[in-house]
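The values are calculated or read from the model by the stated rules, or taken from the named source; none is laboratory data. Note that the structure is a prediction, hence the values are computed from the model and not measured. Neighbour counts run over all protein chains shown; Cβ positions are idealised from the backbone, glycine included.
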Amino acid sequence: MNVTGILYCFAAAVFWAIGPVCLKKTLESMTRTETAAARTIGFLAITIGYCLFSDNSLGWPYELSLLPTTLLLTLSGNVLGDLSYFRAIQLIGAGKAVSISSCNPILVALASTLWLGEPLTVPLILGLCFIMAGLFLLRSGPHGEGTTPSSTDAARSASGFFYAIVAAVGLAGMSLLQKWLLSRGVTPGSVTLWRSYWLSAVSWGYWAAIVTAKRERPPMLFQRGRIAWFWATVAGITGMGLGGIVFTKGIELIPVSVGTAITATSPFIAAALGVLFLGETMRPLQYAGILSILVGVVAVSL
């Protein structure tokens, strides 16, 4: 297995763990629509900066027929996936939302075998089994040990789990489409750059439509505090920009099924950050679930 590709994917896991924590802070002051738009500023800035530094074209110097795929993967991962992700974070917290949505390696492994012809090895199968077991343990709601959850808490937990699964499906689709573009000669920088272009257009366009419909004058987004804008910008830089760049560079070197499984280490980091900085709580079974996911990641990396 290519060590450089593995390290790139581990770096993506770190950035993707930081991103949700920043989003959790942002969502305390902004709506989901406002957050989706505001974070694109950091995303666009860091991606353009990377492309200028690496002499990557800011245009599309490839077959024009490949360009619509960048829009499709953006809609899959950053519209369907991320909006569901935002809702999951609000309902069950950053640590649990990241953990549950990390089931996307299972979907990617199956799809990459059928569509991209990547091998479905024994370590990969065993690793995915550990990941599934971890997700089962993480399914338990955000309640203290020995307590009985209320119907409201149970409903929030179930809804949060559902939205996290929808996010996983969207993110899996994005990963597969990214790998397909890389196999056609598109560079990691171009894939991420055009994702930032499309997402900025979609997010700000949708935000403008909402503001127009509500007749907000001036728009509430520009009245949010500097702290909210800071967290939104950092979320865009880390979780979307840097995370997206190093992930695409990673799956350029290793199978996408392995790369997405490695990035499932982000639950451990996100859970730790959530407990340390956001006051979130985790039950012992949920920590066991995170450990099971990490064991699965080690298995698929063999």
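Name the residue that is nearest to Ala168 (Cα to Cα), counting only residues in segment 81-99 that are among the aliphatic types (A, V, I, L, M) and either modelled with pLDDT under 75 or more than 13 Å from the chain's Cα centre (by Cα) (or both). Here the answer is Val98.
Name the residue that is surrounded by the fewest Cβ atoms within 10 Å (Cβ to Cβ), counting only residues in segment 46-90 that are out of contact with any Pro (no Cβ under 8 Å at 6 or more places or on another chain) and of a type in the set (Phe, Trp, Tyr). Within segment 46-90, the match that is surrounded by the fewest Cβ atoms within 10 Å (Cβ to Cβ) is Phe53. Only a single item in (1) surrounded by fewer than 24 Cβ atoms within 10 Å (Cβ to Cβ); (2) in a helix (DSSP H, G or I) is not met by Thr248, and it is number (1).
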